[in-house]
Amino acid sequence: MHRTLRRRGAVAGLPALAAALTLSACGSGSGAGSGSDNGSASGSGTHTVRTAMGNVTVKDHPQRVVVLDTAELDSAVTLGVRPVGATHADVATGFLDYLPKDKVSGIKDVGGIAAPSLEAIAGLKPDLILTNKDRDAARYKELSKIAPTVMTGTTGFPWKANFTTHAAALGRTDEAKKVVSDYLAHAKRVTAALGGPEKAGATDVNVVRFVEGADIRIYGRQNYIGTLLADVGLGRPAVVDKAKDGFSYDVSPEQIGRADADAVFTSTYGDPRKSKETQATGSALWKNMKAAKNGRVFKVDDQLWIQGIGYTAAHKILDELRADLSKGRP
């Protein structure tokens, strides 16, 4: 599948959304996991999870989990769960390359994202399915006949609330609290390494994605990568506030100068020539940007920065932000 879909989720009332997506506890024992390598005993109890499709009753200790998008796979891996099945991304390796190979080996491919094989899913006899409405709203009834299906409203921007929902479904709320705590501590360390909140905030950062078959995207604030930049306390140039729905401000190669900032991170989805990357970065407009002149343009992995969405990806991105933005810093 050609994954040029926008990571939206630019919805109003995020606190309310986060509250709506958290666990509704009904005899749930946290700390027990799911998947084939969790080393925890299976139990017979159930608990209720609040989802975008209403309350769903799931096993306290699901053992055979199928995930149908990249964020759900990141959540599972982050929480130490090896799904029995997952959809593949539009990459050569099937699963995104930033994920540890030993954590995704043995997972059965059940089809492409937003086009899973219901037959393949059913054949795995899952006791839990994790997905979101963006990808699988039309298949919710069919999926629910196979196994309890925990569906979040969207993906991208509300990734932290979605992770809470995934953890609740997996019976790993205690582990999730530590994951969140570790991430926040990591973000603070990065801020400190960049000179503290004031200096970090004075550094304007843009993220530019070259997408085959689409305009060039300057990422706004209401998307996955925007939340990471905000957590570090980095500044954003005024252009990001022109982003449609807070997601991205799309430009042509002839407008690429609008992407300028103190530092610019770029990623590419598809062929660099067909994505207009070659045309844009070879232009005088690009070469005259202060970020380019100062050697502050950094090429990053699209799979990690844009497609992954989750805490495992986030830690790697934080490390790259620290390493790149520390270069040449007074």
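The residues on offer are A169, A137, and the sole one that is of a type outside the set (K, R) and out of contact with any strand residue (DSSP E or B) (no Cβ under 6 Å at 6 or more places or on another chain) is A137. The lone criterion from (1) over 23 Å from the mean Cα position of the chain (by Cα); (2) surrounded by 15 or more Cβ atoms within 10 Å (Cβ to Cβ) left unmet by D302 is number (1).
Would you mind stating whether G246 is assigned to a loop (DSSP other than H, G, I, E, B), outside the structural domain of E277 (by TED's automatic domain parsing), under 19 Å from the mean Cα position of the chain (by Cα) and of a type outside the set (K, R)? In short, no. Screening L118 with (1) touching a helix residue (DSSP H, G or I) at 6+ places or on another chain (Cβ under 8 Å); (2) farther than 24 Å from T266 by Cβ; (3) crowded, with 17+ Cβ neighbours inside 10 Å gives one miss only, at (3).
Within the stretch 90-110, is even one residue among the hydrophobic types (A, V, I, L, M, F, W, C), touching a helix residue (DSSP H, G or I) at 6+ places or on another chain (Cβ under 6 Å) and in a strand (DSSP E or B)? Yes, the stretch 90-110 contains at least one residue that is among the hydrophobic types (A, V, I, L, M, F, W, C), touching a helix residue (DSSP H, G or I) at 6+ places or on another chain (Cβ under 6 Å) and in a strand (DSSP E or B).
Where residues in the stretch 89-115 are crowded, with 18+ Cβ neighbours inside 10 Å and without any contact (Cβ under 8 Å) to a residue 40 or more places away in the chain, which of them is nearest to the chain's Cα centre (by Cα)? Per the criteria, the residue is F95. A161 fulfils the conditions (1) within 20 Å of the chain's Cα centre (by Cα); (2) assigned to a loop (DSSP other than H, G, I, E, B); (3) in contact (Cβ under 8 Å) with a residue 40 or more places away in the chain except for a single criterion, (2). Inclusion of A202 among residues that are surrounded by fewer than 17 Cβ atoms within 10 Å (Cβ to Cβ), within 30 Å of R296 (Cα to Cα) and touching a strand residue (DSSP E or B) at 6+ places or on another chain (Cβ under 9 Å) is warranted.
The values are calculated or read from the model by the stated rules, or taken from the named source; none is laboratory data. Only a predicted model underlies this, so the values are computations on that prediction, with no experimental measurement involved. Neighbour counts are summed over all protein chains in view; Cβ atoms, including those assigned to glycine, are modelled from backbone coordinates with ideal geometry.
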